[in-house]
1. Mind listing whichever residues of region 101-120 are part of a helix (DSSP H, G or I), open to solvent by 20 Å² or more (accessible area, probe 1.4 Å) and within 23 Å of residue 319 (Cα to Cα)?
2. In the list 111, 101, which residue meets the criterion of being touching a Phe, Trp or Tyr at 6+ places or on another chain (Cβ under 9 Å) and within 11 Å of ligand 1 (Cβ to nearest atom)?
3. When you look at residue 286, is it crowded, with 23+ Cβ neighbours inside 10 Å, near ligand 1 (Cβ under 9 Å from one of its atoms), in contact (Cβ under 8 Å) with a residue 60 or more places away in the chain and not in a helix (DSSP H, G or I), yes or no?
4. Go through (1) within 30 Å of residue 190 (Cα to Cα); (2) open to solvent by less than 20 Å² (accessible area, probe 1.4 Å) one by one and return the number of the condition residue 331 breaks.
5. When residue 318 is evaluated against the numbered criteria (1) part of a loop (DSSP other than H, G, I, E, B); (2) open to solvent by less than 10 Å² (accessible area, probe 1.4 Å), which criterion, by number, is the only one it fails?
6. Write out, first by first residue and then by second, each pair whose Cβ atoms fall under 9 Å of each other, whose residues are 6+ apart or on separate chains, and whose first residue, in region 247-275, is on the phi < 0 side of the Ramachandran plot while the second is of a type in the set (Asp, Glu) and near ligand 2 (Cβ under 10 Å from one of its atoms).
7. Output the residues belonging to region 121-136 that are within 25 Å of residue 293 (Cα to Cα), away from ligand 2 (no atom under 15 Å from the Cβ) and not in a strand (DSSP E or B).
8. So, of the residues in region 28-54 that are free of Cβ contacts under 8 Å to residues at least 40 places away in the same chain and more than 21 Å from residue 13 (Cα to Cα), which turns out to be surrounded by the most Cβ atoms within 10 Å (Cβ to Cβ)?
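The values are calculated or read from the model by the stated rules, or taken from the named source; none is laboratory data. Note that the structure is predicted; figures quoted are calculated from it, not measured. Positions of Cβ are backbone-derived with ideal geometry, glycine not excepted, and every protein chain shown enters the neighbour counts. Side chains included, ligands, DNA and RNA excluded: accessible areas come from the protein's heavy atoms. Shrake-Rupley method; radii C 1.70, N 1.55, O 1.52, S 1.80 Å.
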Amino acid sequence: MAKYRIGWMPGDGVGNEVMEAANIILEKLELDADLIHGDIGWKYWQSEGDALPQRTVEMLRTVDCALFGAITSKPKEEAEKELDPELRNKGLVYFSPIVRMRQLFDLHTNMRPCKAYKGNPLNYKDDIDITIFRENTEGMYGGVEFYPLPQEVYDVLDKHHPKMKKFKDAGVENTALSTRIMTRQGCERIVTGAFEYAKEFGKKAVTVCDKPNVLRETGGLMVRTAREIAKQYPEIELWETNIDAQCMWLVKNPENYEVIVAENMFGDILSDLSAQLVGGLGFAYSGNIGDKLAVFEPTHGSAPKYYGQYKVNPIAMILAVKMMLEWLGEKEMAERLENAVATVISEGKVRTYDMGGTHSSLEVAEAVAAKL
Ligand code: IPM
Ligand code: MG
């Protein structure tokens with residue numbers, strides 16, 4: 001029996017191509033693992049009405065961790081139109097499979113490193129090394145939403161909150177509600193994750209980013225919780241920022257920030273902004289980490305227009321493999337892999353189109369493998 005069981009979910013479009021690149025790396029590393037394929041993505045939505053079929057959920061219950069390529073996501077109405085005709089008008093609703101996996105397996109911590117590798121022509125500045133801790137199951141992604149707003153829900157809110165009145169004239173049939181539910185436990189978990197990371201890697205500060213001056217209750221809970229947790233780490237400073245200003249400062253002085261912790265939606269936004277500072281989607285990767293399972297992925301989408309061309313930068317996927325190795329405790333392998341990636345970037349001889357080169361996804365993977 002192999003040492004590890006790894007779920008293998010290429011998904012849609014270029015997800016398949018970057019997973020081929022990942023496979024080149026794993027073979028070269030000779031990681032002792034069984035790769036278990038999982039069906040996921042748009043074609044399963046179209047043919048089965050479920051982009052994350054139950055058999056894939058069952059498979060995920062049996063693995064140590066999983067690698068995930070990319071998926072196509074479309075808004076509700078468009079998704080419904082693309083269903084096979086016999087599945088239409090049955091009330092099936094498309095949900096993003098990655099968001100569902102996060103919820104189903106309580107993958108509470110989304111860790112997103114954004115590091116400027118030396119010699120990357122796409123770096124905005126060279127001394128950027130930020131890790132974002134995005135809460136991954138609550139907040140604006142909790143999925144508690146209504147449209148139209150049920151009258152009972154309106155009535156309860158109206159009874160408990162004076163500010164509901166002003167929405168009365170529009171009528172419940174014209175009112176949509178998305179909630180931002182956050183718990184003390186959820187805030188504690190993500191903030192603790194950020195501080196533990198800062199401690200392990202000797203970072204001087206953790207920045208908690210929210211908007212407590214407006215979102216007084218949820219933002220307030222996040223910031224108060226961060227202050228409590230910070231007391232257990234006297235050697236690490238706690239900085240508090242608002243999401244809008246943080247975006248500005250990330251453009252102005254990104255080198256000032258090392259660890260940022262945020263609620264789900266704000267973390268989503270901050271991580272795209274930060275990724276662009278270090279080369280964009282070809283470099284953005286993340287770990288969706290829970291207590292029992294972790295799913296590692298490049299943050300980019302399925303890029304239908306590039307599918308079939310082996311064009312996209314596989315580095316994000318390869319760095320997701322690196323993160324998986326760290327999580328599995330294969331520190332030495334992870335370090336070798338990161339060094340190999342850094343060397344290929346700094347030599348600048350093998351590059352995909354986004355970095356100004358003409359090489360394919362697989363050629364970049366081969367170049368990294370050759371340095372291992
Ligand atoms: C991400 C992505 C997802 C998200 C999408 C694909 C649902 O943007 O992982 O950041 O919003 O979380
Ligand atoms: Mg995102």
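1. Step one: list which residues in region 101-120 are part of a helix (DSSP H, G or I), which gives 101-104.
Going one step further and asking which of them are open to solvent by 20 Å² or more (accessible area, probe 1.4 Å), we end up with 103-104.
Passing the criteria: none in range.
2. That would be 101, the only listed residue that is touching a Phe, Trp or Tyr at 6+ places or on another chain (Cβ under 9 Å) and within 11 Å of ligand 1 (Cβ to nearest atom).
3. On the way: crowded, with 23+ Cβ neighbours inside 10 Å: yes; near ligand 1 (Cβ under 9 Å from one of its atoms): yes; in contact (Cβ under 8 Å) with a residue 60 or more places away in the chain: yes; not in a helix (DSSP H, G or I): yes.
Against the criterion (crowded, with 23+ Cβ neighbours inside 10 Å, near ligand 1 (Cβ under 9 Å from one of its atoms), in contact (Cβ under 8 Å) with a residue 60 or more places away in the chain and not in a helix (DSSP H, G or I)), residue 286 qualifies.
4. Against the list (1) within 30 Å of residue 190 (Cα to Cα); (2) open to solvent by less than 20 Å² (accessible area, probe 1.4 Å), residue 331 comes up short only on (2).
5. (1)
6. If the second residue must be of a type in the set (Asp, Glu) and near ligand 2 (Cβ under 10 Å from one of its atoms), the pairs left are 262/268.
7. Selection gives nothing.
8. 33
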